[in-house]
Every structure is written in structure tokens, then in C-alpha cells.
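Colleague: Below you will find the structure I want to go over with you.
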Amino acid sequence: MRLRVILIAIVLLLVAACGDSSQSLSSSQTITIGAIYPLSGPQASGGKEELGGVQAALQLAQAQGVLDHRVQLRIIDAITPAQATAAVDQLVRQDHVPAILGTYGSTLSAPASARAEKLKTIYWETGAVADPITAQRRYVFRTVATGSSLGHMAVTFTHDVLIPASGLSAPRVVIVHVNDIYGQSVGGGELGLAQQLGIKVVDTISYNPNAFDPHALAGRVADDKPDFLWDVSYLDDGVAIWQAIQSRHIPIKAAVGTSSAFCMPEFGRRLGAQAVGVYAADKPDATISAAALSPAGRKLLAMAVSSYERYNHAAMSIPAVAGFVGAWTLLHDVLPNIPGAITPGSIRAAALKVDVPAGDSINGGGVRFGAEGTLDQGQNTRAAAVVGQWQGVQDMRVVYPAAYATAKPIL
């Protein structure tokens, strides 16, 4: 009997030692955090830049002594939903990480975050915008704006700036969007707000980015005779669609794209002069007006830019800034405020207490996560969004809102 009690005690001790992906806060131990990003394949450019922002935040946090323990990233390349889900399993079951950073792309984040939620491990989204990612999930947090918020930004800019400048009393709008969770979130946000504001959407064109004819799509747009186009595409198809629209000389007054194509430097590089004049609603990059930042935000931005350029030899792009903000929030505002073992539960509790004022983040936003049980649960309610415009060959400027703007829109 005594031997049986001893054996049970040993088993309980082993279970406690191997428990719920917890890692000690002791400075003598390295804390491992997972990182899942597309580092190859069609989304590699943005994935690498977003991961670079994460790494810059980690390097700066450890150089400043923000963390009283060592943190290392366990990085996994994932380019398909299946690979993203498998990466979560590996990180949780083999590496026993308490949290995972990711993922840049919504089609990757949706299954990965769902799997992390099932395994009760923190999923810390730094870039993907599809609305359902945080819906009804206790262990998922997102620091960037939602897709519907970006869609709202495109509509608001059109309503406040483009329509008054056009002089039209009843403008016609066409929405083009990919038929996945990303496109549906942004396009749905655009359609919903347009209806509220009385803007007439004459057609909504949903397409498969892996099997579509850009010239046929452009033909349908031409038949619709729109004044304005709102486009929600990925880079390759966004470039192809815009080239097809240009080739048909469709007389639209303005096009407003969104985060995964029209705003990207590669969009400007591929299209050159054809991109000039096009708008894009997205998260901010590192070139926003200093007026959008607090003194603390300006100081942090300078350090972030220096840290990123030191290791990446490039300016901070939109994904890089998003990656930095997400990782800095976790490393600076969450982990140091955990008074004990780092577990998914302790990270979650600390995250719900984060209160970074608007302007203190390097993108002009702040951080405050929606409380449990609310519609914004796990979503950063102070995330920033802007509209940029290609005002020269490979020259994107922020033009809206005014506090963030570095140039006026060329109408």
C-alpha cells in the first residue's frame, strides 16, 4: 500500500512537471515562443517582413533588458492551411510552447488559430485580418485591424474624400474580392458600410485567385460602368486585374485596394507608372506622420527602425511594422507582467490587462484587447488603419486620415 502511494505521488509530480505548456520565468531558463509564417511560396515576401519585425522587437526587448529572462523563437515555415495546423501541433506537443506568433495570411491563421484554441495555447496574430480569427476564442489575440475595419477605411475615404471631389451625386461602385475568408471579411465590411452611407454598390465580383481570367473579370467591371472600384486581392491576381483594367481603359475615377496587394512595394515595382494614382487601405508602415505618435511612440519608432534595418538592411514595410507591434506587445507589455510561470493561462490574464494608449505604438495606434464575452474578444480595439496612394513610381504616401497623412491625395 505504501509503495502504491509513493508511485502515485511520483506520477503526480511528473504530470505537474510536464503540464500545460508552462515555462518558468527564471532568468536561468530560455522561454521558447513559436512563430509560424509563410517564408516560401506566394506570400513569402510579406511573411519574411512580418517575421523580421517580430525579430526586431525581440532583439530590442532583450537589448533594453525589458525581459528578465531569455526568449527564443521556434520558427516554422508554413504555406498551406494544413502545414499551419501541423506546425501548431508540433510547437505545442513537441516544443511545449505557451504561445505562438503568426501568421501574416488569413487563410493560414484561421486553421492555425483554431487548432491552438483547441489545444488551449495562446495564438498571437500579428498580421492576418480576417474577422473570424478571434471570434469566440479565449486563447487567440490579434494586434492588427480586422478585415472589416480595413474595408470600412476604404469606404470612409471614398465617402469623405473621393466622392466630394468627383462632384457626383449618385456614384456607382464595384467591389472585387477573393472568395476566401480574407476577401469576404474586407469585402463584406465594404458592402455593409456602403449600404449604411447610401453609396450604391452596383456589383460584387467574387473570384477564385487560383483559377480566374483577369480579362473576363475586367470585362464585367467595364459592363458595370463604375465610378469607383474597391479591390480585395492578393499580389499576383491584384496586379493581373489592374493590368487588365488598364488595358481596357475603363474610365473609373479611383481604385482603392487593400492589404495583400495594392499597398505592397512589389505592386509598385511590377506596375511602375501604371500604379500611380491607385489607393490602398491597410495597416500603417513606418512612414506615418509624427503627429500620429506620442513622444513615447516616436522614440520607440526610431529604435524599432534602427533594430529592423540593422538586421534586415531595409526600411520597415507594413508587414514589418505589424510584426513589431504584435511582438513588442507580447514581449514588453505581457510577459514581464506575469508574476510566475509563463503558461497560456497566465499570458491570457496579462494580455487582458494591457492598456497602451493610442499613439504609443509605432504605427500610431495603441493596444486594448476586447474583453471576454464581447464581440471584440481578443481583438485589439485600438489598432490603426490608413489609406495610402501611389503618388510616383514606387512612391507610396499616406493620405488619410489627416493625423497620419504625409501627403494630400492626388485626385
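Colleague: Where the convex hull is taken over the Cα atoms of the stretch 22-134, what is its projected area averaged over directions, in nm²?
Modeller: 6.7 nm²
Colleague: What fraction of the Cα pairs in the stretch 182-246, stated in percent, has a spacing above 21 angstrom? Show your work: numbers first, answer last.
Modeller: Working: 474 of 2080 pairs.
Of the Cα pairs, 23 percent sit more than 21 Å apart.
Colleague: For every other residue with a beta carbon closer than 12 angstrom to the beta carbon of LEU39, add +1 if it is Lys or Arg and -1 if Asp or Glu, then tell me the sum. Show your work: numbers first, answer last.
Modeller: On the way: positive: LYS48; negative: GLU49, GLU50, ASP77.
Here the charged neighbours net out to -2.
Colleague: Give, as a single signed number, the net charge of other residues whose beta carbon lies under 11 Å from the beta carbon of VAL201, with Lys and Arg counted +1 and Asp and Glu -1. Write down the numbers at each step before the final one.
Modeller: Working: positive: ARG172, LYS200; negative: GLU190, ASP203, ASP224.
In short, -1.
Colleague: Taking the highest mean first, how do the peptides 37-49, 254-266, 274-286 order by number of other beta carbon atoms within 10 angstrom per residue?
Modeller: Numbers: 37-49: 20.8, 254-266: 25.2, 274-286: 23.4.
Packing proxy ranking, top to bottom: 254-266, 274-286, 37-49.
Colleague: Classify the stretch 286-402 from the C-alpha gyration tensor, please: rounded if a/c falls under 1.5, else prolate or oblate depending on whether a/b exceeds b/c.
Modeller: Values: a/c = 2.33, a/b = 1.63, b/c = 1.42.
Prolate, because a/c is 1.5 or more and a/b exceeds b/c.
Colleague: How high is the relative contact order of the chain, given as a whole-number percent (alpha carbon pairs under 8 Å, six or more residues apart)? It would help to have the intermediate numbers written out before the result.
Modeller: Numbers: 905 pairs, mean separation 77.7, N = 411.
Worked out over the chain, it gives 19 percent.
Colleague: Can you work out ³J(HN,Hα) from phi for every residue in the stretch 312-329, in order, using Karplus 6.51 cos²θ - 1.76 cosθ + 1.60 and θ = phi - 60°, giving whole Hz and x for Gly and Pro?
Modeller: 10, 6, 7, 6, 6, 7, 4, x, 5, 5, 4, x, 5, 4, x, 5, 4, 4
Colleague: Find the Cα radius of gyration of the stretch 314-357, compare it with 2.2 N^0.38 Å by division, and give the number to two decimals.
Modeller: Values: Rg = 12.4 Å, N = 44, 2.2 N^0.38 = 9.3 Å.
The value comes to 1.34.
Colleague: Provide the per-residue ³J(HN,Hα) series for the stretch 211-227, in order, calculated from phi with Karplus coefficients 6.51, -1.76, 1.60 and θ = phi - 60°, each as a whole number of Hz, with x at glycine and proline positions.
Modeller: My calculation for the stretch 211-227 gives 7, 8, 10, x, 6, 5, 4, 5, x, 5, 4, 4, 5, 6, 6, x, 8 Hz in order.
Colleague: Quick check for you: which residues of the stretch 271-295 have the amide N under 15 Å from the point 7 Å beyond the Cα of SER166 toward its beta carbon?
Modeller: 278-279
Colleague: Might you report the magnitude of the Cβ-based charge dipole of the chain about its Cα centre, with Lys and Arg at +1 and Asp and Glu at -1, to the nearest 20 debye? All intermediate terms of the calculation are to be shown ahead of the outcome.
Modeller: Values: 30 positive and 31 negative charges, 162 e Å.
Using Cβ point charges on Lys, Arg, Asp and Glu, the chain gives about 780 debye.
Colleague: Running Debye on the stretch 64-198 with equal point scatterers at the Cα sites and no solvent, what base-10 log of I(q)/I(0) appears at q = 0.12, 0.18, 0.23 Å⁻¹?
Modeller: Taken in order of the listed q values, log10 I(q)/I(0) reads -0.58, -0.94, -1.30.
Colleague: Number of Lys pairs in the chain with C-alpha atoms less than 20 angstrom apart, excluding same-chain neighbours closer than eight positions? Intermediate values should be presented prior to the final figure.
Modeller: On the way: LYS48/LYS283; LYS120/LYS353; LYS200/LYS225; LYS200/LYS253; LYS225/LYS253; LYS253/LYS408; LYS283/LYS299; LYS283/LYS408.
Pairs that pass both the separation and distance tests number 8.
Colleague: How far, in degrees from 0 to 90, does helix 147-157 lean away from the longest principal axis of the Cα atoms of the chain, to the nearest 10?
Modeller: 30 degrees
Colleague: Hey, quick one: spin label on ASP355, modelled 7 Å out along Cα-Cβ, who in the stretch 308-331 has an amide N within reach, i.e. under 13 Å?
Modeller: none
Colleague: In terms of modelled amide H atoms, which long-range or inter-chain residues lie less than 5 Å from the amide H of ILE205?
Modeller: Under 5 Å from the amide H of ILE205: ILE175, VAL176, HIS177.
Colleague: Give me a comma-separated list of calculated 3J(HN,Hα) values for the stretch 361-374, in order, Karplus coefficients 6.51, -1.76, 1.60 applied at θ = phi - 60°, integers in Hz, x for any Gly or Pro.
Modeller: 7, 5, 9, x, x, x, 9, 8, 7, x, 6, 4, x, 9
Colleague: Now, a different point. What net charge do the residues around GLY238 carry, taking every other residue with its C-beta under 11 Å from that of GLY238, with Lys and Arg at +1 and Asp and Glu at -1? All intermediate terms of the calculation are to be shown ahead of the outcome.
Modeller: Values: positive: ARG270; negative: ASP231, ASP236, ASP237, GLU266.
Summing Lys/Arg as +1 and Asp/Glu as -1 gives -3.
Colleague: Along the positive direction of the dipole of the stretch 254-411 (beta-carbon charges: Lys, Arg +1; Asp, Glu -1; about the Cα centre), which of PRO357, THR329, ALA302 reaches farthest?
Modeller: Among PRO357, THR329, ALA302, the one farthest towards the positive end of the dipole of the stretch 254-411 is ALA302.
Colleague: If you take every DSSP beta bridge whose two residues both sit in the chain, what share of them, in percent to the nearest 5, is antiparallel?
Modeller: Details: 12 of 49 bridges.
Percentage antiparallel, nearest 5: 25.
Colleague: Turning to a different aspect of this structure: Using the Cα gyration tensor of the stretch 49-108, with a ≥ b ≥ c the square roots of its eigenvalues, what is the shape: rounded (a/c below 1.5), prolate (a/b larger than b/c) or oblate (neither)?
Modeller: Details: a/c = 3.44, a/b = 1.59, b/c = 2.16.
Oblate shape, in that a/c is at least 1.5 and b/c is the bigger or equal ratio.
Colleague: Relative to the longest principal axis of the chain, what angle (0 to 90°, nearest 10) does the C-alpha long axis of helix 44-63 take?
Modeller: Relative to the chain, helix 44-63 is tipped by roughly 50 degrees.
Colleague: Calculate for the chain the 222 nm mean residue ellipticity that helices alone would give, adding -39,500 (n - 2.57) per DSSP H run of length 4 or more and normalising by residue count, nearest 500 deg cm²/dmol.
Modeller: -12500 deg cm²/dmol
Read-outs: derived from the displayed coordinates by stated rules, not from any lab. Note that the structure is a prediction, hence the values are computed from the model and not measured. Here the Cβ is made from the backbone with ideal geometry for all residues, glycine too, and neighbour counts use every protein chain on show.
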